[in-house]
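What follows is a single structure, written as structure tokens, with notes after it.
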Amino acid sequence: MTQAISTDTVEPLPLAEGVQGIVADWSSDQRAFKNVPWGKAMMWIFLLSDTFIFSSFLISYMTVRMSTTVPWPNPSEVFALTLFGKSIPLILIAIMTFILISSSGTMAMAVKFGYEKNKRMTFVLLLITAALGATFVGMQAFEWSKLIHEGVRPWGNPMGAAQFGSAFFMITGFHGTHVSIGVIFLVIVAIKVLRGDLDHQRPGFLTGRKGSYEIVETMGLYWHFVDLVWVFIFALFYLW
Amino acid sequence: MAHAQGQQHPIGIYLKIWGLLFVLSTASYLVDYFHFQGYLRWFLIVVFMLLKAGLIVAVFMHMMWERLALMYAIVVPTLLLMVLLGIGALEADYTFFTRSVFFVKGLL
């Protein structure tokens, strides 16, 4: 995109005085992120901070796993399921991975149809994305209850190093919370699309800005990020 | 693309990337299924992980079509995490060493 997008911040604002003037001068002088809607740039900044949160979790998990002298439980066996009388390693986690990747695919297509103002397809794809996300959370709840049933606790477990439980519940719990919040917002955005809020530029709650299909892309950024974090959790926690 | 606002790309690229992510996920699952161990496992897992992450950020999140100012603002700070990773690894090595010396009889 080389063409500049018109926004509602181009006309000069009256200069403020005093402390307000300081704030206004510092914040309004230059727009750093051109060609990008304001909400999208802010979503990226939020995702950057979220990246640091998840990285802190994963790096501290690495630190406790490297420093323990007790053997780490083998994730391949801990997360195995017995299907059709055969024990298959990590199968539940693999299915969860495919579900989340599929939801990312449908989300990307929802963004595309949103910009084409195809209300029906956008709504359907957003709902499919939300349904896949809810399925993912359901499978995670199943996995949690299975592990709790087997005696895994944040302070210890029968399979090995005590840190396994705390790292597992902390990392997957925080990720699952992100997915759950994402599902709620996907449903909200889907309803807004179906009602035609975005076509008629109705402002959403908590904002005076006009509604537009850009919010579908901003929602998409969050959802792809959730998938992105799972890529790292899958590799570093389950496959290591 | 005429008078396009925001990010508009043909649907084919999303479907191709979706397929590629499925292939990469299957590959990383097979690393575990076939019990690869040691440096080979480490290498394969990290390569598949970074490829998947790159594809999601570049195509699904449209980063490859954004201006450099936004790309650098997001990607460069992330690289700082390598420092935290290094500190964590050093600290873990040291803790493991002292635990081995003082708590585990006969490990060293």
Report summary line: Dividing the mean separation of Cα pairs under 8 Å (6+ apart) by the residue count of chain A yields a relative contact order in percent of 24
Query - Debye, to nearest 20: dipole size of the range A:37-238, +1 on Lys, Arg Cβ, -1 on Asp, Glu Cβ - result: 480
Report summary line: Highest GNM mean-square fluctuation among B:T26, B:T98, B:T78, for chain B with Cα springs under 10 Å, belongs to B:T98
Report task. State to the nearest 20 debye the size of the charge dipole of the range B:37-108 about its Cα centre, where the only charges are +1 on K and R beta carbons and -1 on D and E beta carbons. Result -> 200
**Report entry** Values of log10 I(q)/I(0), in the order q = 0.08, 0.12 Å⁻¹, for chain A under a Debye, Cα-only, solvent-free model
**Finding:** -0.42, -0.80
Query raised in the report: Counting partner chain Cβ atoms within 10 Å of every residue's Cβ in A:107-116, what's the average?
Result: 5
Query raised in the report: When Cβ neighbours within 10 Å are restricted to other protein chains, what is their mean count per residue of peptide B:91-98?
Result: 4
Query raised in the report: Of A:L15, A:L81, A:L147, which is the most mobile in a GNM of chain A whose springs link Cα atoms less than 10 angstrom apart?
Result: A:L15
Query - ³J(HN,Hα) computed for each position of the range A:75-92 - Karplus, 6.51 cos²θ - 1.76 cosθ + 1.60, integer Hz, glycine/proline x - result: x, 4, 8, 4, 9, 7, 10, 8, 10, 6, x, 10, 7, 10, x, 6, 5, 4
Query - Dipole moment magnitude, nearest 20 debye, the protein assembly as shown about Cα centre, only Lys, Arg, Asp, Glu C-beta charged - result: 640
Report summary line: Asserting the computed 222 nm helical MRE of chain A (DSSP H runs at least 4 long, -39500 (n - 2.57) per run, divided by residue count, to nearest 500) equals -22500 deg cm²/dmol
Report task. Please work out whether the range B:1-81 counts as rounded, prolate or oblate from its C-alpha gyration tensor, where a ≥ b ≥ c are the square roots of the eigenvalues and a/c under 1.5 means rounded, while otherwise a/b larger than b/c means prolate and anything else oblate? Result -> oblate
Query - Phi-based couplings in Hz for the range A:184-200 (Karplus 6.51, -1.76, 1.60; Gly and Pro marked x) - result: 4, 5, 4, 5, 4, 5, 4, 5, 4, 5, 5, 5, x, 4, 6, 5, 8
Query raised in the report: Roughly how large, in nm² to one decimal, is the mean projection of the convex hull of the alpha-carbon atoms in the range A:28-168?
Result: 12.9
Query raised in the report: Considering only A:A24, A:L92, A:S60, whose Cα is most displaced toward the positive end of the charge dipole of chain A, charges sitting on Cβ of Lys, Arg (+1) and Asp, Glu (-1)?
Result: A:L92
**Report entry** For chain A, built as a Gaussian network whose Cα springs stay under 10 Å, the top-fluctuating residue of A:T207, A:T177, A:T218
**Finding:** A:T207
Report task. Could you work out the local net charge near A:F164, counting Lys and Arg as +1, Asp and Glu as -1, over the other residues with Cβ closer than 13 Å to its Cβ? Result -> 0
Report task. For the range A:228-240, take each phi angle, set θ = phi - 60°, evaluate the Karplus expression 6.51 cos²θ - 1.76 cosθ + 1.60, and give the result in whole Hz per residue in order, putting x for glycine and proline. Result -> 4, 4, 5, 4, 6, 5, 4, 6, 8, 8, 8, 8, 4
Query raised in the report: Projected onto the charge dipole of the protein assembly as shown (+1 at Lys/Arg Cβ, -1 at Asp/Glu Cβ, origin at the Cα centre), which of A:I128, B:I87, A:V226 gives the Cα projection farthest towards the positive end?
Result: A:I128
**Report entry** Interchain or long-range residues, amide H under 5 Å from A:L81's placed H
**Finding:** A:I88, A:L90, A:I91, A:L92
Report task. Could you work out, residue by residue across A:171-182, how many beta carbons of other chains sit within 10 Å of that residue's beta carbon, and then give the average as an integer? Result -> 0
Query - Contour minus Cα-Cα distance for B:A89 and B:V104 (0.36 nm per residue) - result: 3.3 nm
**Report entry** Computed [θ] at 222 nm, deg cm²/dmol, chain B (DSSP H ≥ 4; -39,500 (n - 2.57); rounded to nearest 500)
**Finding:** -23500 deg cm²/dmol
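Rule-based calculations on the coordinates, nothing more; no lab input. In this text, all values refer to a predicted model and were calculated from it rather than measured experimentally. Positions of Cβ are backbone-derived with ideal geometry, glycine not excepted, and every protein chain shown enters the neighbour counts.
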